[in-house]
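Below is one structure; the comments refer to it alone.
Please treat every number below as a calculation from the coordinates, not as lab data. Predicted, not measured: the structure shown is a model, and the values here were computed from it. So basically every Cβ, Gly included, is an ideal-geometry build from the backbone, and we count neighbours across all protein chains shown.
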Amino acid sequence: GGGKGRGDPAFQRARDITNITKSLDIKCRVHVSDATVPYSRMMGFPLEVRDVVNVLGGEGSSDIVDTISLQCAHLLQMTGKVESIKDGQNMALDVLASGQALSKFLEMLEAQGVSRDTTDKLRERKFEDVLPAAPHQTKIEAKFPGIVRDIRLDLLERFVANNLGGYGNGGQGVEIAVEIGSNVKVGSCLAVVHHSKETLTPKQKNMIHNTIFDIEKIFFNRVLDSFRYVKSLRCV
């Protein structure tokens, strides 16, 4: 869920869930985030599938890796597998880095009827052979140097829904190329938009650059060294 304070509805839902599970003698912990920035660098199907496979294979977005390892750590601690959250996170990260998580995921897919040929291609990251792809991609580049201070998840979701046809099966979506805190230069790639129409309008490009990405400009002061020539006077 998402929440920004103890009075937020997300916290109330979390309390309701934990109260219900407690009454049923079921162990439960609820993870509440502010839900303002994307966990994944991909938004839109099947781009998010690509990110999931990459993360389970020990790669992918650092934000989603951190979230997965934290949630797994709580589950491991609740079931008595580890004593501390830190130990649980390390165990989860080791499983991700080793590729065991991806192997188990692909095994689950095969158990549900997915062919071995498809899972092999996913393992080899041959996404274009098994997942639909949008016919056009457009890079959104930084117009000025600065630091990425925020990436607006709500506006990004709205952009995908209103401008790219939503979560369809055509491969459309947005691939984020930076993280919060990233330093960008003029021309740095902020995102890649996967779209079905041949081109994006200038308005759509500006919407992503100016609205979804909050970039704090860096101003460079040009320092000019001035030299003062002082004539030395000889005293007689």
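Suppose the chain between Ala177 and Asn162 were pulled fully straight at 0.36 nm per residue; how much longer would it get relative to their current alpha carbon spacing?
Full-extension gain reported as 3.3 nm.
If you stretched the chain out fully between Lys121 and Asp150, how much longer would it get, using 0.36 nm times the residue separation minus the C-alpha to C-alpha distance?
7.0 nm
Using the Karplus curve 6.51 cos²θ - 1.76 cosθ + 1.60 with θ = phi - 60°, what ³J(HN,Hα) values do you get for each residue of the stretch 204-217, in whole Hz, with x for Gly and Pro?
Per-residue couplings from phi come out as 5, 5, 5, 4, 5, 5, 8, 10, 6, 9, 9, 10, 7, 5 Hz.
So for the chain, taking the charge dipole from beta-carbon charges (+1 Lys/Arg, -1 Asp/Glu), which of Val174, Asn206, Gly80 sits furthest toward the positive end?
Highest projection toward the positive end goes to Asn206.
Relative contact order (percent) for the chain, with alpha-carbon contacts under 8 angstrom and 6 or more residues of separation?
Details: 344 pairs, mean separation 47.1, N = 236.
Relative contact order comes out at 20 percent.
Using a cut-off of 15 Å between alpha-carbon atoms, which aspartates and glutamates can reach Lys185, once sequence neighbours fewer than 8 places away in the same chain are excluded?
The qualifying aspartates and glutamates are Glu141, Asp214, Glu216.
Per residue of the chain, what 222 nm ellipticity follows from adding -39500 (n - 2.57) for every DSSP H run with n ≥ 4, rounded to the nearest 500?
Calculated mean residue ellipticity at 222 nm is -12000 deg cm²/dmol.
Give the peptides 165-174, 25-34 in descending order of average Cβ contacts within 10 Å, highest first.
Ranking, from highest mean packing down: 165-174, 25-34.
If you average the alpha carbon positions of the stretch 78-126 and of the stretch 139-211, how far apart do those two centres end up, in angstrom?
Comparing the Cα centres of the stretch 78-126 and the stretch 139-211, I get a distance of 30 Å.
Which residues' amide hydrogens lie under 5 Å from the amide hydrogen of Val114, considering only partners 5 or more residues apart or on another chain, with H built in the peptide plane?
Result for Val114 returns nothing.
What are the ³J(HN,Hα) couplings of the stretch 178-194, residue after residue, when phi is run through the Karplus curve with 6.51, -1.76, 1.60 and θ = phi - 60°? Round to Hz, x for glycine and proline.
With coefficients 6.51, -1.76 and 1.60, one gets 10, 10, 4, x, 5, 8, 10, 10, 4, x, 5, 6, 8, 7, 10, 9, 9 Hz.
Starting from the Cα gyration tensor of the stretch 55-171, take the square roots of the eigenvalues, sort them a ≥ b ≥ c, and report rounded, prolate or oblate (rounded when a/c is under 1.5, otherwise prolate if a/b is larger than b/c, else oblate).
Taking the square roots of the gyration eigenvalues as a ≥ b ≥ c, the stretch 55-171 is oblate.
Taking H as built 1.01 Å from N, whose amide H comes closer than 5 Å to the amide H of His136, not counting residues under 5 places away?
When sequence neighbours closer than 5 places are left aside, the close amide H contacts are His195.
Using amide H atoms built in the peptide plane, which far-off residues or other-chain residues are under 5 Å from Leu190 H to H?
Those qualifying (amide H under 5 Å, at least 5 residues apart or on another chain) are Ile140, Glu141, Ala142.
How long is the gain from Leu109 to Ile17 if the chain were fully straight, where each residue apart is worth 0.36 nm and the alpha carbon distance is subtracted? Provide the component values of the computation, followed by the final result.
Details: separation 92, 0.36 × 92 = 33.12 nm, distance 3.00 nm.
Computed gain between Leu109 and Ile17 is 30.1 nm.
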